[in-house]
Amino acid sequence: MHGNDGDVLTTVGSLRLEAWGRIIGRDAAEARFGVDHHDADAWHCLVLDDGALVAAGRLTVHASPDDLPESTSFGPYLGQMRVPFGLASRLVVHPAHQRRGHAARIIVDRLALAAELGLLEVWGETRRHQLHGLTRHGYEPVGPSSDHSVPGEWVVLRVQLNTSDG
């Protein structure tokens, strides 16, 4: 879905806060993972179970690295980004629905959408202990994230969708 549905964005925001609030506290989760102005222009891949949202992931599209939602994380890598590119972020699965393949489905759906949109590459970040979930879908680690607002060792990754030079 494209991000201009306010009711869906409210539900996505609630899911993010519920999942991340358990890990880093509700206030920190709201500050780092709450709905922001980028959500309205983003694409959101959703997984529903009996009509209830159980997983979501955002894909923002960029013609320039100047408007990145998580610019602190990607600052050292801005010169490596080929435009147009996507930023896959805010993947979250409801705690009661984890380990059912929902995250993998969102990863695959976002990459398919990015390819359909003609993006050259997709960037993202994940905690080091979750690298395999992205590398098995073609992402390659680029280096450490420079954002330390959420505890843990975070890694920046990229998957190239179109490797031709023109």
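The values are calculated or read from the model by the stated rules, or taken from the named source; none is laboratory data. Note that the structure is predicted; figures quoted are calculated from it, not measured. FYI the Cβ positions are ideal-geometry reconstructions off the backbone, even for glycines, and counts take in every protein chain you see. The area values use the complete protein model at the heavy-atom level, side chains included, leaving out ligands, DNA and RNA. Shrake-Rupley method; radii C 1.70, N 1.55, O 1.52, S 1.80 Å.
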Original post:
Pairs under 6 Å by beta carbon, first residue under 16 Å from Val155 (Cβ atoms) in segment 105-128, partner open to solvent by less than 40 Å² (accessible area, probe 1.4 Å) and small (Gly, Ala, Ser), six or more apart or different chains?
Top reply: Val122/Gly86; Val122/Ala88; Val122/Ala114; Gly124/Ala88; Glu125/Ser73; Glu125/Ser145
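A quick yes/no check of all residues on (1) touching a residue at least 40 places away in the same chain (Cβ under 8 Å); (2) of a type in the set (Val, Ile, Thr); (3) not in a helix (DSSP H, G or I):
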{"residue": "Ser14", "(1), (2), (3)": "no, no, no"}
{"residue": "Trp20", "(1), (2), (3)": "yes, no, no"}
{"residue": "Ala29", "(1), (2), (3)": "no, no, no"}
{"residue": "Cys45", "(1), (2), (3)": "yes, no, yes"}
**OP:** Please indicate, with yes or no, whether at least one residue in segment 36-49 is touching a Cys at 6+ places or on another chain (Cβ under 6 Å) and modelled with pLDDT of 95 or more.
**Re:** no
**OP:** Give, as residue ranges, the strands (runs of 3 or more DSSP E) completely inside segment 70-148 that count at least 1 residues that are open to solvent by 20 Å² or more (accessible area, probe 1.4 Å) and more than 27 Å from Asp49 (Cα to Cα).
**Re:** 140-144
Original post:
Does Val61 count as among the hydrophobic types (A, V, I, L, M, F, W, C), in contact (Cβ under 8 Å) with a residue 40 or more places away in the chain, open to solvent by 30 Å² or more (accessible area, probe 1.4 Å) and farther than 23 Å from Trp20 by Cβ?
Top reply: yes
